[in-house]
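Below is one structure, written out as structure tokens; the observations come after it.
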């Protein structure tokens, strides 16, 4: 599995990218830098990738999942409920392609604020 590092403010995490066309496109675009948007316990930001929904697409995701949101051409990090969630589920605004998973404790992302700089790079 290909590994990436997610770096923002005082937070750094390693994640594994899965095997899919969307994951390949993200890998090829690395390194990527941008400013984050937060939506509940989700971080998302624009990336230079254009990929349709694929066979990995989900409307409810798991804690630690990395997603690609085709509607916003955005990379998403899920670490808890969003405003669209019902109960304890983790629900994106709309379906996302699952492109990987964060290794270790994803609660570290709870300290990241809107507008913070973020970088994705190959490990």
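The values are calculated or read from the model by the stated rules, or taken from the named source; none is laboratory data. On a predicted model such as this, the values are computed, not experimentally measured, just so you know. Neighbour counts are summed over all protein chains in view; Cβ atoms, including those assigned to glycine, are modelled from backbone coordinates with ideal geometry.
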**OP:** Filter the range 31-49 for residues that are surrounded by 16 or more Cβ atoms within 10 Å (Cβ to Cβ) and closer than 13 Å to residue 4 by Cβ and give the result.
**Re:** 32, 47
Original post:
Which members of the range 17-30 meet the condition of being touching a residue at least 40 places away in the same chain (Cβ under 8 Å) and either closer than 21 Å to residue 95 by Cβ or buried (at least 18 other Cβ atoms within 10 Å of the Cβ) (or both)?
Top reply: 17, 18, 20, 22, 23, 26
Subject >> Close pairs (7 angstrom Cβ cut-off, 6 or more residues apart or separate chains): on the phi < 0 side of the Ramachandran plot and surrounded by fewer than 16 Cβ atoms within 10 Å (Cβ to Cβ) in the range 108-122, assigned to a loop (DSSP other than H, G, I, E, B) and modelled with pLDDT of 95 or more anywhere >> reply: 110/41; 110/79; 114/36; 119/31; 121/30; 121/31; 122/30
Original post:
Is there a residue in the range 55-77 that is over 14 Å from the mean Cα position of the chain (by Cα), touching a residue at least 24 places away in the same chain (Cβ under 8 Å) and either within 21 Å of residue 123 (Cβ to Cβ) or crowded, with 21+ Cβ neighbours inside 10 Å (or both)?
Top reply: no
Original post:
Of the conditions (1) surrounded by fewer than 20 Cβ atoms within 10 Å (Cβ to Cβ); (2) in contact (Cβ under 8 Å) with a residue 40 or more places away in the chain; (3) closer than 17 Å to residue 18 by Cα, residue 52 fails just one. Which one is it?
Top reply: (2)
